Every structure is written in structure tokens, then in C-alpha cells.
Amino acid sequence: MEIKRVLIGQEKEFFVKDLSKDFHTQFGFVKAKDLKKKSGKVKTNTGKEFSILESSFIDAYKKIKRDAQIMILKDIAQIIVETGINHKSKVVDAGAGSGALACFLAHHVKEIVTYEKRKDHIKVVERNIESFGLKNIKIKNKDVYNGIDEKNVDLVTLDLPEPWKAVKSASKALKNGGFVAAYVPTVPQVSDFVKEIEKNKGFVYLRTVEILEREWKIQGRIARPKNQMIAHTGFLVFVRKV
Ligand code: SAH
């Protein structure tokens, strides 16, 4: 069932799928008839107030089914801005994992093919694609280290343990000026990937970045960074085919 409404409270957001039943939270419940509203405010039976909205892509995205560790939004955003991909772009992604990155990119680009070697992960990806109603994404149950079938690709994203093994495949698939964005959690992986890129005359190394996002608590004069943040996800290495 699709998410239909979002309830935004001071401490928490809730996602409502079934508008025919009262919606229960730890702050009390919102009556079914109030959930029909598409904007404004609603109150729970205990008097807690929530803003109510019709849901959009990003709300559904926040509830994406996760099996493999997914790439998080701050890192996806960086891939989009570094490579400038848009509604005309063709992308190849590997490995699909839970399909989080692939589904997010599918929302922006013309077409995306995602490679995944594990059948159990593919099942999760299929469910996620279906829940978003995405039509421009294809899954291939293949090892990306053995090759990429697509040609004239604008971007290859590599979120897997040994991205250097996919450099040759990526080189054949990419158009001139196309990008590879490799996402790895450790520095030795960055070094091995860049070493392979430097051996391959068909690529130019651009840069490696780590994105730190610090969220702030703003509540009247309590205006300060939140106590906790995600300390580390991965390094993004960008290279370009020449
Ligand atoms: N970016 C994904 C997460 C990827 S997790 C997301 O946002 O959801 C890494 C995935 O790569 C795992 O599912 C793993 O099975 C897959 N994988 C690892 N090596 C691979 C290879 N050589 N070819 C295809 N898939 C591979």
C-alpha cells in the first residue's frame, strides 16, 4: 500500500498508508476522518498537534525497504551535483543492493540499469521499484566486474567492495566525458580504485570527497547542533572518461 499522508510533529514524522482507519502513534491516535484532510493541522485524541500533508516521492523514499546497506541522501545529492545528470541522462548502477540509489536516480534521469549479483537482493529492489511506480529502471542479475552491456552511458555508479574491478567495464560503457562515481567506506579502497584509474589511460581522476552533514536543533533559543550525527558513511571518488 502506498503512503498517502505525512504527519509532521515537533519530534517525529509519521507516514500514513490506510486512510480508512484511525492512525495510532505514541502521542495518541488521529481519527480516520481527520486523515482525509490534505493540508493544515490535525490533533490526536491526547491533544498533540501535527501538520498533515499529501505524500510525495521523498516521503515514500524515506520508508524504502532496506536489505543491503543503502546509500544515504547526503551522498546521493553529491553524485547528482558533481555529475550534473538530468532527465536526458543514461545511468548504470552496481550493485543494486536495496535499490535505494537506483530508485532515487531513476526519479531524475531518463533511464537507469542496475546490476546485482545476488538474487535475494534483487527481490527487495523489485519491490522498491514497484512501490515507487518507476518505469525507467531495469535490473540485471549479473556480475558487473564481467562487463556492462549498455553503451553511451553518462554515469556509472559503483557501490560495491572492489570498484577497481569494474573500471574496464565502465570504460567500455561510458560516453566520452561520462563519469564514474565510486562509493567506498575505507581509505585503502579509495587508493586501490585511484591506482587502477591512473593505470587506465582512458580516465582522468577528478576528486575524492567525504560529505559531513550536521543537523541543528532549532527550538526557540535552543539553537545548536543536534547531539548526534552520522559520523561516517563513505568516500565518493569521481573520475571521468576522456
Ligand atoms: N547502492 C545500494 C547499496 C549497494 S550494497 C543502495 O543504495 O541500495 C552493495 C551491493 O553490491 C550488494 O547487494 C552486493 O550483492 C552487490 N555486489 C557486490 N559485488 C557485485 C558485483 N561484482 N556485481 C554486481 N553486484 C555486486
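The values are calculated or read from the model by the stated rules, or taken from the named source; none is laboratory data. Just so you know, these numbers come straight off a predicted model, no measurement behind them. A quick note on method: Cβ atoms are made from the backbone with ideal geometry, for glycine too, and the neighbour counts reach across all protein chains shown.
Just wondering, is there one or more residues in the stretch 133-145 that are in a helix (DSSP H, G or I), touching a helix residue (DSSP H, G or I) at 6+ places or on another chain (Cβ under 8 Å) and touching a residue at least 60 places away in the same chain (Cβ under 8 Å)? No, the conditions are met nowhere in the stretch 133-145.
Would you point out the residue of the stretch 89-110, among those that are assigned to a strand (DSSP E or B) and either surrounded by 22 or more Cβ atoms within 10 Å (Cβ to Cβ) or without any contact (Cβ under 8 Å) to a residue 60 or more places away in the chain (or both), that is nearest to the ligand (Cβ to nearest atom)? Checked the stretch 89-110; the qualifying residue nearest to the ligand (Cβ to nearest atom) is Ala94.
Can you list the strands (runs of 3 or more DSSP E) found entirely within the stretch 177-242 that contain at least 1 residues being hydroxyl-bearing (Ser, Thr, Tyr) and in contact with a helix residue (DSSP H, G or I) (Cβ under 7 Å, 6 or more places away or on another chain)? By residue number, 203-209.
Matching residues to (1) under 20 Å from Gly97 (Cβ atoms); (2) not hydrophobic (A, V, I, L, M, F, W, C):
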residue	(1), (2)
Val153	yes, no
Leu158	yes, no
Ser171	no, yes
Thr186	yes, yes
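Tell me, yes or no, whether the stretch 112-129 has at least one residue that is within 13 Å of the ligand (Cβ to nearest atom), touching a strand residue (DSSP E or B) at 6+ places or on another chain (Cβ under 7 Å), closer than 20 Å to Pro185 by Cα and assigned to a loop (DSSP other than H, G, I, E, B). Among the residues of the stretch 112-129, at least one is within 13 Å of the ligand (Cβ to nearest atom), touching a strand residue (DSSP E or B) at 6+ places or on another chain (Cβ under 7 Å), closer than 20 Å to Pro185 by Cα and assigned to a loop (DSSP other than H, G, I, E, B), which makes the answer yes.
Quick grid of which residues meet (1) out of contact with any Asp or Glu (no Cβ under 6 Å at 6 or more places or on another chain); (2) touching a residue at least 12 places away in the same chain (Cβ under 8 Å):
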position: Phe23; (1), (2): yes, yes
position: Phe29; (1), (2): no, yes
position: Lys33; (1), (2): yes, no
position: Lys37; (1), (2): yes, yes
position: Ile52; (1), (2): yes, yes
position: Asp59; (1), (2): yes, yes
position: Ile70; (1), (2): yes, yes
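Among the candidates Arg221, Arg207, the residue that is surrounded by fewer than 12 Cβ atoms within 10 Å (Cβ to Cβ) and either in contact with a strand residue (DSSP E or B) (Cβ under 7 Å, 6 or more places away or on another chain) or touching a residue at least 12 places away in the same chain (Cβ under 8 Å) (or both) is uniquely Arg207. Evaluated against (1) out of contact with any Lys or Arg (no Cβ under 7 Å at 6 or more places or on another chain); (2) modelled with pLDDT of 95 or more; (3) assigned by TED's automatic domain parsing to the domain that holds Met229, His24 falls short on exactly one condition, (3). Remark: pairs (first residue in the stretch 186-198, surrounded by fewer than 17 Cβ atoms within 10 Å (Cβ to Cβ); second residue in a helix (DSSP H, G or I); Cβ separation under 6 Å; 6+ apart in sequence or on different chains) = Asp192/Trp164.
Reported count of residues in the stretch 111-132, each being touching a residue at least 60 places away in the same chain (Cβ under 8 Å) and not aromatic (Phe, Trp, Tyr), is 3. Do we have any residue at all in the stretch 203-220 that's within 16 Å of the ligand (Cβ to nearest atom) and among the aromatic types (Phe, Trp, Tyr)? No - not one qualifying residue is present in the stretch 203-220.
In the stretch 184-191, is there at least one residue being small (Gly, Ala, Ser), at pLDDT 95 or above, within 14 Å of the ligand (Cβ to nearest atom) and assigned by TED's automatic domain parsing to the domain that holds Gly97?
Checking the stretch 184-191: not a single residue is small (Gly, Ala, Ser), at pLDDT 95 or above, within 14 Å of the ligand (Cβ to nearest atom) and assigned by TED's automatic domain parsing to the domain that holds Gly97.
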